[in-house]
Amino acid sequence: MSGHAFKEFKINWGMVIDLDKCTGCGACMTACQVENNIAPMVDASNKMRTLSWMLVFELSNGKPAPEAEVAYLPRPCMQCGHPACVPVCPVVATDKNEEGGIVSQIYPRCIGCRYCMAACPYHARYFNWEDPIFPKGMEKALSPDTSTRPRGVVEKCNFCHTRLMHAKDKARQDGGDPEALAEGAYIPACVEVCPTGAITFGDLKNPEHKVHQLSKSKNAFRLLEKLGLKPQVYYMSNREWVRKLGDNYAAGGKPGAEKKHS
Amino acid sequence: MDRALFPEGLERCSFGKFALWLLFITVFLLYGLYAMIVIFAKGIVVTGLDNYFGFGLWITVDLAIIALGAGAFFTGFLRYLLKIDQLANIINLAVIVGFICYSGAMLVLCMDIGQPIRCWFGYWHPNVHSMLTEVIFCITCYCIVLVIEYVPIILEQKQLYRIPFIHHLAHNMHLNMALFAGIGAFLSTFHQGSLGGMYGVLAGRPYAFREGFFIWPWTFFLFVLSAVGCGPIFTVLIATLMEKLTGRKLVDYKTKALMGKIAGTMLTVYIFFKLIDTWAWAHDYLPTTGLTFDQMFYGVIYGKWLMFTEIILCGLVPAIMLITPSIRNNPKMLYTAGILDCIGICLNRYLFTVQTIAIPLLPFDKWQTYAPNWAEWATTGLIVAYGFLVLSLSYRYLPIFPQERAMNK
């Protein structure tokens, strides 16, 4: 209903996260914080105000022991194909306009109205409640590639976009095509650090990239698929109860059912 | 002391009494100003908002006062374009109330955004696809229109009116008021709708999302109808409150009942479509998202009682009361219906703002609750106190009510 036309891209950077491999160790969260210069909060006791571009949820099958099972679900920004957040921004501080389909966030443009946060059902957008303060000495370890954000703007995961820029630069230097990166030439920090290899990253449209096949697996699913936002992050699990927790089925319907509205 | 400034032939309370009243208002103003300074200095970290509830009391207040201030554009439209002359008895008050509501809303919006210094980005870098852009432009433009409508009322102040230039300026502005009433009606209709559209386009929020017509979701039209269904009666309630506070008759009951009839008619049309919309949403749309009607509600704080109170007790009931002449012509019943009507519309704005984002959509997520804190309440109180201040000064020194002299002989 917004009248916003969405672009189709030749490349769709995406993830497939194997929930059966994820141990919930939180390394992806830590790597994300380091890579993106997210300052540790002085008081992080209020989890509704922390900055967690990558957040690991704990899932439970709700059964008592001995049938009790848990799974862990890392949730980055879904980089939706039809993002709910982009058309609502009044100042074009977020856009899905670059080849690869990564939803951008332009910090110097954001006015902090938080309309995009209200729009995102995944809670993948975070507000800077306070100015970042890095403990003494930590400023020496900051990434020179990523700008820090001031108080009052919204931020979110961007699949470590600066790594994409570096990968493209390297391809140019090596005489390659920056728009046809080989698998592994560009991977976000969370993918690189995952000790169990639960996160696979690549171009969802490129048959030479693993994610292309994995995303088509019968055990693959996307979160809240019925809302029609078309996330570029897929999950997979052999366990049906885990797959069922990817969407709502209370009113009937099968996993992966297409939504009715446009 | 300030008798020379009173409107021609009208009595006002003593200056001492008025000063005491202003002192009472100033307490709330100062507390609100203190909160505002703290918010601008430390940021909105001092509020009760968080990453789940990016919208809260402020946005609810914004939407509510803009709906309640709809009396200005709709009464202006009926008075100047449809030539319903009886509304001349209350049009000045409607304009002042509208001005207070819109200027107050703009102040709240400046506090609400995380980067107030970038508030002009909305005009400089507009996203033409965003309903909020439309809201920003229309509210600003309409607030300017309201200033233009308010200025001639100020120029009619007894001492100012004696200056020939000001006299002629005020006269000529009055002559052209139909033009501004028309512009105001156009602008206000669009941004009332855009405020509804802001929620209706949220494809990721099933409580608010609606299909619609062309680029406008149904909430666009529902918000317009609900605003004109409560704005006129809110103006009547303000007039009646002023009568109670001043002990003087200001607007004849015939005009009040007419405003009640206008609001009641629009509220009835609104409730008719709102009931259809709610049924279609619960019956047709929600199942496509895999959610049920029951899942939209939680406990008492986000319980179904809120929706039933909004639509039935504060929607259908006042609509019936206002369109029934025998009920409408009873002052107590008219005011009761008016209060219910206004509560219902405020509740509607609250539900679209807070309930919409409170619902956990991820099956493994949990309900979270939101409560505004002192900073949000204090600044809301600031807006209310600001409204009382503007109304008090306008009533004391400006000829707002054409019937006042005749009715208080």
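Read-outs: derived from the displayed coordinates by stated rules, not from any lab. These numbers were taken from a predicted model, which means no experiment stands behind them. Counting neighbours? That spans all protein chains shown, and the Cβs are built from the backbone with ideal geometry, glycine included.
Other chains near A:220-227: what is the mean number of their Cβ atoms within 10 Å of each residue's Cβ? Provide the component values of the computation, followed by the final result.
Values: counts 0, 0, 0, 4, 7, 1, 6, 11.
Taking all residues of A:220-227 together, the mean is 4.
Which value does Rg/Rh take for the protein assembly as shown over its C-alpha atoms, Rh per Kirkwood?
Numbers: Rg = 28.0 Å, Rh = 27.2 Å.
Radius of gyration relative to Kirkwood radius: 1.03.
Under 4.7 Å Cβ to Cβ, no partner at all: give me those cysteines from chain A, in residue order.
If one checks each Cβ against the other cysteines of chain A, A:22, A:25, A:32, A:80, A:89, A:110, A:113, A:120, A:160, A:194 turn up with nothing under 4.7 Å.
Using DSSP to call loops (not H, G, I, E or B), can you name the chymotrypsin sites (Phe, Trp or Tyr not before Pro) in segment A:175-240 whose Cβ has at most 13 other Cβ atoms within 10 angstrom?
Working: sites: A:186, A:201, A:221, A:234, A:235; in loops: A:186.
Sparse-neighbourhood loop chymotrypsin sites (Phe, Trp or Tyr not before Pro): none present.
Please work out the Cα convex hull volume for segment A:13-244 and give it in Å³ per residue.
Hull volume normalised by residue count: 143 Å³.
Quick query: amide H of residue A:202 versus all other amide H atoms, modeled in the peptide plane; which residues come in under 5 Å with a sequence gap of 5 or more or a different chain?
Answer set, sorted by chain and number: A:14.
Please state, to two decimals, what the Cα-based radius of gyration of segment B:305-404 comes to when divided by 2.2 N^0.38 Å (N = residues).
Normalised by 2.2 N^0.38 Å, the Cα Rg of segment B:305-404 equals 1.51.
Evaluate peptide B:43-53: per residue, the Cβ atoms of other protein chains within 10 Å of its Cβ; return the mean as an integer. The partial results should precede the final answer.
Details: counts 9, 6, 8, 1, 1, 0, 6, 8, 15, 5, 4.
Taking the mean over all residues of the peptide, I get 6.
Apply the Karplus parameterisation 6.51 cos²θ - 1.76 cosθ + 1.60, with θ equal to phi minus 60°, to every residue of segment B:227-240 and state each ³J(HN,Hα) to the nearest whole Hz, in sequence, with x for glycine and proline.
5, 6, x, 10, x, x, 6, 5, 4, 4, 4, 5, 4, 5
Per DSSP H run of n ≥ 4, the term is -39500 (n - 2.57); total these for the protein assembly as shown, divide by its residue number, and report the mean residue ellipticity at 222 nm rounded to 500 deg cm²/dmol.
Dividing the helical sum by the residues of the protein assembly as shown leaves -14000 deg cm²/dmol.
If the limit is 24 Å between Cα atoms, which of A:47/A:226; B:244/B:332; A:210/B:366 go over it?
Pairs exceeding the cut-off: A:47/A:226; A:210/B:366.
Over the alpha-carbon set of segment A:1-118, divide Rg by the Kirkwood Rh and report the Rg/Rh ratio to two decimals.
Ratio of gyration radius to Kirkwood radius: 1.02.
Take the Cα radius of gyration of segment B:286-338 and divide it by 2.2 N^0.38 Å, with N its residue count; two decimals is plenty.
Normalised by 2.2 N^0.38 Å, the Cα Rg of segment B:286-338 equals 1.62.
Roughly how tilted is helix B:374-397, in degrees to the nearest 10 and between 0 and 90, from the longest Cα axis of chain B?
In chain B, helix B:374-397 runs at an angle near 20 degrees to the longest axis.
Using mean Cβ contacts within 10 Å as the protection proxy, how do B:180-186, B:306-312 order, highest first?
Most protected by this proxy first, the peptides run B:180-186, B:306-312.
If I model a spin label at residue B:265 and residue B:280 as a point 7 Å from the Cα along the Cα→Cβ vector, what separation in nanometres do I get?
2.5 nm
Do any chymotrypsin sites (Phe, Trp or Tyr not before Pro) in segment A:79-126 lie in a DSSP loop with no more than 15 other beta carbon atoms within 10 Å, and if so, which?
none
Which whole number of Å³ per residue matches the convex hull of the alpha-carbon atoms in segment B:63-177? Intermediate values should be presented prior to the final figure.
Numbers: hull volume 15.8 nm³, N = 115.
Enclosed volume per residue, from the Cα hull, is 137 Å³.
Using 7 Å Cα-to-Cβ label points, what is the residue A:68/residue B:304 separation (nm, one decimal)?
Label at residue A:68, label at residue B:304, 3.3 nm between them.
Read phi for every residue in segment B:145-159 and hand back ³J(HN,Hα) as whole Hz from Karplus 6.51 cos²θ - 1.76 cosθ + 1.60, θ = phi - 60°, with x for Gly and Pro.
4, 5, 4, 4, 6, 7, 3, x, 5, 5, 5, 7, 4, 3, 6
Give me the percent of Cα-Cα pairs in chain B that sit more than 39 Å apart, rounded to a whole number.
On the way: 15469 of 83436 pairs.
Cα-Cα pairs of chain B separated by over 39 Å account for 19 percent.
By how many nm would the segment from residue B:244 to residue B:163 grow when fully extended, if each residue of separation counts as 0.36 nm and the alpha-carbon distance is taken off?
Computed gain between residue B:244 and residue B:163 is 25.8 nm.
Within 10 Å of each Cβ in peptide B:87-95, how many partner chain Cβ atoms are there on average? Round it to a whole number, please.
Neighbouring Cβ atoms belonging to other protein chains average 0 per residue here.
Net charge within 10 Å of residue A:121 by Cβ-Cβ distance, Lys/Arg positive one each and Asp/Glu negative one each, not counting residue A:121 itself? Before the final figure, lay out each step's value.
Working: positive: B:205; negative: B:365.
Result for the local shell: 0.
Counting other beta carbons within 10 Å of each Cβ, put B:281, B:124, B:377, B:367 in order, fewest first. Could the numbers behind the result be given before it?
Numbers: B:281 19, B:124 9, B:377 16, B:367 13.
Exposure proxy ranking, most exposed first: B:124, B:367, B:377, B:281.
In whole angstrom, how far apart do the alpha carbon centroids of segment B:313-365 and segment B:394-409 sit?
Segment B:313-365 and segment B:394-409 have Cα centres spaced 32 Å from each other.
Using a 10 Å cut-off around each Cβ, can you sort B:34, B:142 from fewest to most neighbouring Cβ atoms?
B:34, B:142
Give me a comma-separated list of calculated 3J(HN,Hα) values for segment B:6-18, in order, Karplus coefficients 6.51, -1.76, 1.60 applied at θ = phi - 60°, integers in Hz, x for any Gly or Pro.
5, x, 3, x, 10, 9, 9, 5, 5, 5, x, 5, 5
Among A:15, A:188, A:48, flag the residue with its Cα farthest along the positive direction of the charge dipole of the protein assembly as shown, charges on Cβ as +1 for Lys/Arg and -1 for Asp/Glu.
Of the options given, the answer is A:48.
How do B:376, A:179 rank when sorted from fewest to most other Cβ atoms within 10 Å of their own Cβ?
A:179, B:376
Excluding same-chain residues fewer than 8 positions from residue A:63, which lysines have a Cα within less than 17 Å of its Cα?
A:244
Roughly what % of Cα-Cα distances in segment A:108-238 sit above 18 Å, to the whole percent?
Roughly 68 percent, rounded to a whole number.
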